[in-house]
């Protein structure tokens with residue numbers, strides 16, 4: 001039993017799930033709550049709404065990881081035979097049962113949240129996303145670019161849902177009067193920025209992973225970008241997407257981020273743009289699976305740095321508007 005639990009923890013990519021939980025907590029506590037403080041609300045501590053959102057997201061994501069391994073048994077035997085669990089330590093029948101249990105719990109948590117906030121949008125998302133994850137694993141991921149875009153959209157949606165939930169909570173509490181203020185628009189604009197960043201970096205990482213898995217994908221007659229276009233043109237697409245991400249970062253930081261303190265621009269420059277250029281260098285020099293894995297892992301750290309900008313946002317917003325950090329101390 002212990003080994004089964006241990007293997008299950010590995011299959012659901014517990015590190016990725018912890019990172020996802022951190023993202024949602026950070027955006028709620030360091031972006032949404034400070035924006036509310038700016039308009040006279042008190043700092044909102046983590047509550048049942050946030051816990052339900054995180055639980056629903058994590059269980060649905062865990063189910064997605066399990067079903068992905070279920071459909072990838074033959075591919076994983078070629079690409080990562082030493083790390084394969086589903087089909088070895090966990091049978092296909094057990095994997096399907098885990099998928100059903102995790103999906104069920106995630107959907108129930110999501111529907112409870114949607115019911116509490118009277119939000120049809122949230123209910124729709126928590127019903128549709130598990131089905132989309134199934135079809136992605138069964139078919140879409142083997143199609144040209146389709147699977148990459150779906151994964152990137154879901155990554156962005158896992159961020160954007162924090163804003164959707166926050167606005168639904170406001171509407172439930174204050175009715176449609178809240179839309180006569182700029183609060184919903186400000187929440188959506190900031191959370192939307194993080195979601196777009198997540199979308200672009202996830203799409204880039206998926207392309208790198210396609211290059212890593214090309215041998216196994218060829219055996220299964222997949223039509224990934226790396227197979228159809230080849231490694232050279234796939235790398236060019238990656239450079240183009242990185243260039244787009246950098247251009248958007250520079251444009252937003254110079255045109256839309258309202259802080260007079262230069263800390264924001266410095267963080268974006270040295271914490272995000274410079275690492276993205278270093279990532280391009282790693283991809284350019286990558287000649288084997290191991291070096292591509294290094295580049296993919298490095299991109300994860302850039303994603304973390306992107307999320308940590310939320311702390312900079314909270315600090316600068318507190319400084320500019322005289323807010324208290326966590327209702328504890330003031331920034332001057």
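For this structure, a couple of remarks:
Conditions tested, residue by residue: (1) out of contact with any helix residue (DSSP H, G or I) (no Cβ under 6 Å at 6 or more places or on another chain); (2) within 18 Å of residue 65 (Cβ to Cβ); (3) surrounded by 14 or more Cβ atoms within 10 Å (Cβ to Cβ); (4) modelled with pLDDT of 95 or more.
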{"position": "79", "(1), (2), (3), (4)": "no, yes, yes, no"}
{"position": "103", "(1), (2), (3), (4)": "no, yes, yes, yes"}
{"position": "106", "(1), (2), (3), (4)": "no, yes, yes, yes"}
{"position": "122", "(1), (2), (3), (4)": "no, no, yes, yes"}
{"position": "138", "(1), (2), (3), (4)": "no, yes, no, no"}
{"position": "173", "(1), (2), (3), (4)": "yes, no, no, no"}
{"position": "177", "(1), (2), (3), (4)": "yes, no, no, no"}
{"position": "182", "(1), (2), (3), (4)": "yes, no, no, no"}
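- Among the criteria (1) touching a residue at least 12 places away in the same chain (Cβ under 8 Å); (2) outside any helix (DSSP H, G or I), the one residue 88 does not fulfil is (1).
- Selected residue (criterion: farthest from the chain's Cα centre (by Cα)) from residues of region 140-152 that are assigned to a helix (DSSP H, G or I) and surrounded by 17 or more Cβ atoms within 10 Å (Cβ to Cβ): 142
- Considering region 37-72, and only residues there that are in a helix (DSSP H, G or I) and out of contact with any helix residue (DSSP H, G or I) (no Cβ under 7 Å at 6 or more places or on another chain), the residue that is surrounded by the most Cβ atoms within 10 Å (Cβ to Cβ) turns out to be 37.
Residues are listed down the side, and each one gets a yes or a no for (1) over 24 Å from the mean Cα position of the chain (by Cα); (2) farther than 18 Å from residue 37 by Cα:
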{"residue": "157", "(1), (2)": "no, yes"}
{"residue": "167", "(1), (2)": "no, no"}
{"residue": "178", "(1), (2)": "yes, no"}
{"residue": "186", "(1), (2)": "no, no"}
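- Annotation for region 215-223: no member residue is closer than 26 Å to residue 78 by Cβ, crowded, with 20+ Cβ neighbours inside 10 Å and free of Cβ contacts under 8 Å to residues at least 60 places away in the same chain.
- Applying a threshold of 8 Å to beta carbon distances and a minimum spacing of six or more residues, or different chains, the list of pairs starting in region 30-54 at a residue that is on the phi > 0 side of the Ramachandran plot and without any contact (Cβ under 8 Å) to a residue 40 or more places away in the chain and ending at one that is crowded, with 16+ Cβ neighbours inside 10 Å and part of a helix (DSSP H, G or I) is empty.
- Qualifying residue in region 261-272 (condition: buried (at least 19 other Cβ atoms within 10 Å of the Cβ) and free of Cβ contacts under 8 Å to residues at least 40 places away in the same chain): yes
- From the list 270, 284, the one residue that fits, being within 27 Å of residue 234 (Cβ to Cβ) and out of contact with any strand residue (DSSP E or B) (no Cβ under 9 Å at 6 or more places or on another chain), is 284.
- Only one of the listed residues (286, 295) is over 24 Å from the mean Cα position of the chain (by Cα), at pLDDT 90 or above and either under 30 Å from residue 41 (Cβ atoms) or surrounded by 12 or more Cβ atoms within 10 Å (Cβ to Cβ) (or both). That residue is 286.
- Filter result for the condition that a residue is out of contact with any strand residue (DSSP E or B) (no Cβ under 8 Å at 6 or more places or on another chain), in a helix (DSSP H, G or I) and free of Cβ contacts under 8 Å to residues at least 60 places away in the same chain, over 227, 257: 227
- Any hit, region 100-118, residues being assigned to a helix (DSSP H, G or I), in contact (Cβ under 8 Å) with a residue 60 or more places away in the chain and within 25 Å of residue 1 (Cβ to Cβ): yes
- Test set (1) farther than 30 Å from residue 321 by Cα; (2) not in a loop (DSSP other than H, G, I, E, B) - residue 83 fails condition number: (2)
Okay, residues lined up against (1) closer than 17 Å to residue 105 by Cα; (2) out of contact with any strand residue (DSSP E or B) (no Cβ under 9 Å at 6 or more places or on another chain):
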| site | (1), (2) |
| --- | --- |
| 27 | no, yes |
| 36 | no, yes |
| 49 | yes, yes |
| 52 | yes, yes |
| 58 | yes, yes |
| 69 | no, no |
| 80 | no, yes |
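- Filter result for residue 317 (modelled with pLDDT of 95 or more and in a helix (DSSP H, G or I)): no
- Residue within region 3-16 that is outside any helix (DSSP H, G or I) and in contact (Cβ under 8 Å) with a residue 60 or more places away in the chain present: yes
- Test: residue in region 245-252 that is closer than 24 Å to residue 143 by Cα, part of a helix (DSSP H, G or I) and at pLDDT 95 or above: no
The values are calculated or read from the model by the stated rules, or taken from the named source; none is laboratory data. Nothing here was measured: the structure is a model prediction, and the numbers come from that model. Glycine gets a Cβ as well: all are built from the backbone with ideal geometry, and neighbour counts include every protein chain shown.
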